[in-house]
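Reading through the structure tokens given below for one structure.
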Amino acid sequence: MKRTMWVIGVTAAMLGACDKGDGSSSAGMGHAKAAGGDDLALFRDLPKGNSALFGGNLIKMQKQFSDSPLGKLAAQVNKMTPGMNEWQTCFINGPGLRMVGGVTYAAGGVEAHYAMTGLDIASLEACAKKASFPAVVDADRKFIAIDTNTATGVVKSGFLVLPDGALLSRMEIPLGGFRTGAVVVNPTDRASLEREVAALASGTAADDTALMAAVDKVDRSKALWVVGSGAGTPIADKLGLASATFEMTDGFAIDVTAELTDGALADQLDKGIAGAKKQAGQLGPEIGEIVNNVSFDRSGSKVHLTAKISNAQLMTLSDKFGPFMKR
């Protein structure tokens, strides 16, 4: 799920936001309603065939992040991306909004799709203006194109108003960028979003039954949650179903559960973490304490990993590595 997590990370930076449903019914939403109620209704606005689904409360995560020592490091990075601080602050200080997303894999690349409520074209236009991001709104005010300045370069993003009032956006990343390290994001125009809406007639993310069942089990009270599967991807022989949650209360905490279909990979991960703990003392007291706090359990092919870094540890790391972020 490395590529999936990269995509979600860019999403958090670009949007600073997350998920709310409108409570309306839909023919394809029976499972999603049972899985969690109105907050998952937005999955009917996303295409089917996903390798991962995610949601949570990214506004909560952004607020926790900005108030934490780790925010000091991010501030250094954001100085290299003019307007990003203003863009994110606009969401944090604005009315609460919610978002769910799905990630699909194809031979040509990875696509992320987002549906959100609590936000409209006018508020996006205002946030872009505060960040000095170029933005163009169509005459019918159903679509806005924004040149978002990110750490990976300018991303030409677009948002389309759906019939139910939600906003739809997408991000397409060619696989070549992952291979070379020069990751690019293809522009999102109105036509591509309208094609996506038309495709919903043949099925939505709510019809991805295996992933929706995993959504039902994941702790959605966390700031960010992700469920995914290697099925239908190049790592199908290594990864089955997986889920992860992230929280930033008094530090940063992650909880990951995964079904590894490759026994050798599970062995390698088990031995790697055990080896890191044995050598933790050689990594310095700050890093060593963090490594020793990692919990790893294995039951057959299923692995469970938890890790937490306290605010005090984050402060130490920020003071130690912050100067390097300025270079």
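Each value in this text was obtained by applying a stated rule to the coordinates, not by laboratory testing. Computed from a prediction, not measured in an experiment: that's the story for all the values here. Every residue, glycine as well, gets a Cβ built from its backbone with ideal geometry; the counts of neighbours run over all protein chains shown.
Can you sort Cys127, Cys90 by how many other beta carbons sit within 10 Å, fewest first? Show your work: numbers first, answer last.
On the way: Cys127 23, Cys90 18.
Ascending number of Cβ neighbours within 10 Å: Cys90, Cys127.
Within region 193-216, find all residues whose amide N lies under 16 Å from a label point positioned 7 Å from the Cα of Leu269 along Cα-to-beta-carbon.
Within reach of a label on Leu269, which here means backbone N under 16 Å from a point 7 Å along Cα→Cβ, region 193-216 contributes nothing.
Return the long-range amide H neighbours of Thr204 (sequence gap of 5 or more, or a different chain), with a cut-off of under 5 Å between placed amide H atoms.
Result for Thr204 returns Lys48.
Extension gain Ala210-Lys156, at 0.36 nm per residue separation less the Cα-Cα distance, in nm?
Computed gain between Ala210 and Lys156 is 16.2 nm.
In nm, give the distance between the simple-model label positions of Glu286 and Ser299, each being 7 Å from the Cα along the Cα-to-Cβ direction.
Those two pseudo-labels are separated by 3.7 nm.
Using a basic spin-label model with each label point 7 Å from the Cα along Cα→Cβ, how many nm lie between Ala126 and Asp237?
5.4
Return Ser295, Ser301, Ser229 ranked ascending by Cβ neighbour count within 10 Å, so the fewest neighbours appear first. Mind dumping the intermediate values first?
Details: Ser295 11, Ser301 14, Ser229 24.
Arranged by neighbour count, lowest to highest, Ser295, Ser301, Ser229 become Ser295, Ser301, Ser229.
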